[in-house]
Amino acid sequence: MAYYSANDFLAAEPEVSVEFIVGARGLASELGASASTGRRRNDDDSNDRVNDVPEDFATKIPLWWLEGALWEDVDLVGVPDAFDDDVFASLEAPNGGRMTDLRSRCENYFGFGRRLVAALRRQEAAAENGDVERVERLGEKIERAFARRWSECLCEVLGRCDDADAIERSLTREERKIWNAGREAQKAYERWRYGRGERLVASKIVQDAKRRKREANNAM
Amino acid sequence: MSFERTFKPEETSYVAQDTMVQILPRFRCDRVPFLADEFGPFMPNVPVLVPCWLALALNENGKCTVELGDWFAAESVLATQKNEKTDTKGFQPLPQYFIEQARCISKYVTEDMSMHVHLEHILSLRQSKIRRAFRLLRHDTMRETIEEGYRLPSETACSEFNSIRRFTCAAMDNFNELLASKVS
């Protein structure tokens with residue numbers, strides 16, 4: 001984890017579903033738990049305060065809350081919708097890497113996925129009958145998703161790309177960094193070589209119209 | 001490993017001007033000392049090797065004729081273009097700074113642009129080969145690729161490296177983070 005990386009902070013912001021193994025005190029206002037359902041943490045607690053977040057309370061918390069000691073007191077329940085099997089299936093489909101809009105599912109898809117897998121792995125390793133293999137499978141799916149996006153989307157920046165705007169709109173924050181690096185290098189080269197900022201590429205509508213006109217002329 | 005800044009094309013063009021080219025002087029002079037080295041002696045119509053920056057300066061003042069390298073001859077460029085098309089994986093041998101030299105030549109030496117169209121075509125063929133090679137990187141071979149380093153053909157030109165350097169470093173950073181989380 002890069003200490004000063006803003007992207008790293010933002011990657012741990014999305015929320016995950018958890019269930020409290022033990023009650024907690026002082027989090028009710030953050031989580032919306034009712035104080036009346038709280039129980040004493042210990043019977044010999046002489047302070048007479050109750051836990052305002054009861055045991056077995058299910059809620060959603062940002063992932064970075066699990067980076068500290070809280071991970072021992074909560075259980076991650078399931079995975080967020082962005083990492084469902086249907087998302088990975090759509091990525092594996094032909095041209096799926098290009099067509100799937102990961103940005104709308106999670107702005108920091110791969111950073112969040114990496115941190116989520118680490119949290120799940122820690123939880124399953126500590127549990128008695130933990131399913132570490134399931135977590136490793138999720139990690140592999142995320143790696144395959146990135147490799148797919150790399151080959152179908154990101155490599156397009158190295159040449160002439162007709163639908164660059166459409167691709168850019170579907171990129172996550174990490175992918176945009178890679179995309180912009182390639183784009184700026186191309187722009188710098190073309191500015192130096194041709195004296196202009198960006199190669200002019202005809203839009204798809206114009207290209208389709210030209211193709212229709214060409215076909216009509218050939219038919220005649 | 002990621003680089004926030006890479007060389008600008010103007011900077012590589014500046015470095016490219018240190019490559020040696022052959023000129024035919026139109027003046028007589030003994031060896032002239034410069035900061036880096038001594039060049040000459042210069043005798044009319046006797047070929048001499050000088051760095052590109054000196055050749056362009058002398059050419060601008062009408063003191064010499066710059067001899068274009070063999071790689072810039074029409075037959076050579078057309079043969080290179082044909083071989084680039086047929087060889088789908090490797091690159092044809094060209095000078096490391098051939099793009100920068102071609103631009104210098106077009107700007108200062110000759111106005112004949114016919115070879116530049118073919119050189120542009122060679123450049124786009126090489127770019128598509130790089131793109132195709134990058135697409136072949138797979139997640140299951142990513143660890144070996146990162147550890148051993150992804151190797152481009154040795155004939156890759158300097159400006160081609162420049163255009164992919166930041167892009168590749170940013171991508172490898174992401175791959176590395178994904179793989180590092182797997183180990184931990």
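The values are calculated or read from the model by the stated rules, or taken from the named source; none is laboratory data. If you're wondering where the values come from, they're calculated on a predicted model, not measured in any experiment. Heads up, the Cβs are rebuilt from the backbone with ideal geometry, glycines too, and the neighbour counts pull from every protein chain shown. Just so you know, the surface numbers come from the protein's heavy atoms only, side chains and all, with ligands and any DNA or RNA stripped out. Shrake-Rupley method; radii C 1.70, N 1.55, O 1.52, S 1.80 Å.
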Roughly how many whole Å is it from the C-alpha centroid of region B:12-31 to that of region A:72-127? 59 Å
Placed amide H near B:F39: partners under 5 Å, 5+ positions off or other chain: B:V32, B:F34
Simple spin-label estimate for A:A69 and A:D85 in nanometres, 7 Å along Cα-Cβ: 4.0 nm
Under-5 Å amide H pairs with A:V74, H placed in peptide plane, nonlocal only: A:I21
So if each residue of separation counts as 0.36 nm, and I subtract the Cα-Cα distance between A:A216 and A:R191, what length gain in nm does that give? 5.3 nm
Cα centroid separation, region B:59-95 to region B:115-136 (Å): 15 Å
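Using a probe of 1.4 angstrom, how much of the accessible area of the protein assembly as shown is carbon and sulfur, in percent?
On the way: 11480 of 22710 Å².
Taking all protein chains in place, the protein assembly as shown shows 51 percent carbon and sulfur surface.
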Cα axis of helix A:109-126 to longest principal axis of chain A: angle in degrees, 0 to 90, nearest 10? 30 degrees
Taking the simple approach of a point 7 Å from Cα along Cα-to-Cβ for both A:S17 and A:D165, what is their distance in nm? 3.9 nm
Could you provide, to the nearest whole Å², the per residue accessible area of chain A with probe 1.4 Å? 56 Å²
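Compute the orientation-averaged projected area for region B:9-183 from the convex hull of its Cα atoms and round it to one decimal in nm². Write out the running numbers ahead of the final one.
Details: hull surface 49.9 nm².
The number I arrive at for region B:9-183 is 12.5 nm².
Classify the protein assembly as shown as rounded, prolate or oblate from the Cα gyration tensor: take a ≥ b ≥ c as the square roots of its eigenvalues, call it rounded if a/c is under 1.5, otherwise prolate when a/b beats b/c and oblate if not. Write down the numbers at each step before the final one.
Working: a/c = 3.37, a/b = 2.32, b/c = 1.45.
Taking the square roots of the gyration eigenvalues as a ≥ b ≥ c, the protein assembly as shown is prolate.
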Among region B:44-77, those whose backbone N falls under 14 Å of a label point 7 Å along Cα→Cβ from B:R31 are B:49
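Using a probe radius of 1.4 Å on protein heavy atoms only, what is the accessible area buried between chains A and B, both sides summed, to the nearest 100 Å²? Mind showing how you got there, number by number?
Numbers: alone 13970 and 11980 Å², together 22710 Å².
What A and B bury together is about 3200 Å².
Per-residue mean of other chain beta-carbon atoms within 10 angstrom of the beta-carbon, peptide B:21-30?
Details: counts 0, 0, 0, 0, 0, 0, 0, 0, 0, 0.
If you average over the peptide's residues, the count of other-chain Cβ atoms is 0.
Per DSSP H run of n ≥ 4, the term is -39500 (n - 2.57); total these for chain B, divide by its residue number, and report the mean residue ellipticity at 222 nm rounded to 500 deg cm²/dmol. Mind dumping the intermediate values first?
Working: 7 runs with 92 residues, N = 184.
Dividing the helical sum by the residues of chain B leaves -16000 deg cm²/dmol.
Kindly state, to the nearest 0.05, the FRET efficiency for A:D131 paired with A:A6, given R0 = 35 Å and r defined as their beta-carbon distance.
On the way: r = 34 Å, r/R0 = 0.96.
The calculated FRET efficiency here is 0.55.
Given the DSSP H assignment, sum -39500 (n - 2.57) over each helix run of at least 4 residues in chain A and divide by its residue total; what's the result at 222 nm in deg cm²/dmol, nearest 500? The partial results should precede the final answer.
Values: 10 runs with 109 residues, N = 220.
Helix-only estimate at 222 nm: -15000 deg cm²/dmol.
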Which ³J(HN,Hα) values in Hz, rounded to whole numbers, follow from the phi angles of region B:29-40 under the Karplus curve 6.51 cos²θ - 1.76 cosθ + 1.60, where θ = phi - 60° and Gly and Pro get x? 7, 7, 4, 10, x, 10, 4, 7, 6, 9, 10, x
Region A:89-129: which residues show an accessible-area loss of 30 Å² or more, assembly versus chain alone, 1.4 Å probe? A:R114, A:R121
Considering every residue in A:180-193, what mean count of other chain Cβ atoms within 10 Å of its Cβ is obtained? 6
Express the accessible area of region B:9-183 per residue in Å², computed with a 1.4 Å probe while the remaining protein chains stay in the model. 54 Å²
Taking GluC sites (Glu not before Pro) as exposed when in a DSSP loop with at most 10 other Cβ atoms inside 10 Å, chain B has its longest clean stretch at B:5-110
Could you give the dipole magnitude of chain B about its Cα centre, charging the beta-carbon of Lys and Arg +1 and that of Asp and Glu -1, in debye to the nearest 20? 500 debye
Using per-residue counts of other Cβ atoms within 10 Å, averaged over each peptide, order A:73-80, B:26-33 from highest down. A:73-80, B:26-33
Need one number: nm distance between label points at B:A57 and B:R132, each 7 Å from Cα along Cα→Cβ, rounded to one decimal. 4.5 nm
Report the charge-dipole magnitude of chain A in Debye, nearest 20, computed about the Cα centre from +1 at each Lys and Arg Cβ and -1 at each Asp and Glu Cβ. 2140 debye
Which whole-number percent of Cα pairs in region A:79-200 have a distance greater than 22 Å? 43 percent
Under 19 Å from a label point 7 Å along Cα→Cβ of A:D56: give me every residue in region A:71-86 with its amide N that close. A:73-78
Pick out which of B:C169, B:C52, B:C64 has the largest mean-square fluctuation in a Gaussian network model of chain B, springs linking Cα atoms closer than 10 Å. B:C169
In sequence order, calculated HN-Hα J values of region A:61-74 (Karplus, 6.51, -1.76, 1.60; Hz; x Gly/Pro): 10, x, 5, 5, 5, 7, 6, x, 7, 5, 5, 6, 9, 10
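Given DSSP loops and a limit of at most 11 other Cβ atoms within 10 Å, what is the longest stretch of chain A that contains no such chymotrypsin sites (Phe, Trp or Tyr not before Pro)? Could the numbers behind the result be given before it?
On the way: sites that count: A:Y3, A:Y4.
No qualifying site falls inside A:5-220, the longest such stretch.
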Can you give me the relative contact order of chain B as a percent, contacts being Cα pairs under 8 Å and 6 or more apart? 25 percent
Per-residue average of Cβ from other chains inside 10 Å of B:125-132: 2
Report the charge-dipole magnitude of the protein assembly as shown in Debye, nearest 20, computed about the Cα centre from +1 at each Lys and Arg Cβ and -1 at each Asp and Glu Cβ. 2220 debye
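Cα-based count: Lys pairs in region B:9-183 below 22 Å, eight or more positions apart or different chains? Don't jump to the answer; show the numbers that get you there.
On the way: B:K63/B:K107; B:K82/B:K129; B:K85/B:K129; B:K89/B:K129.
Step by step, the pairs that qualify in region B:9-183 add up to 4.
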Once amide hydrogens are built 1.01 Å from N within the peptide plane, the residues lying 5 or more places from A:V16 or on another chain with amide H under 5 Å from its amide H are A:I61, A:L63
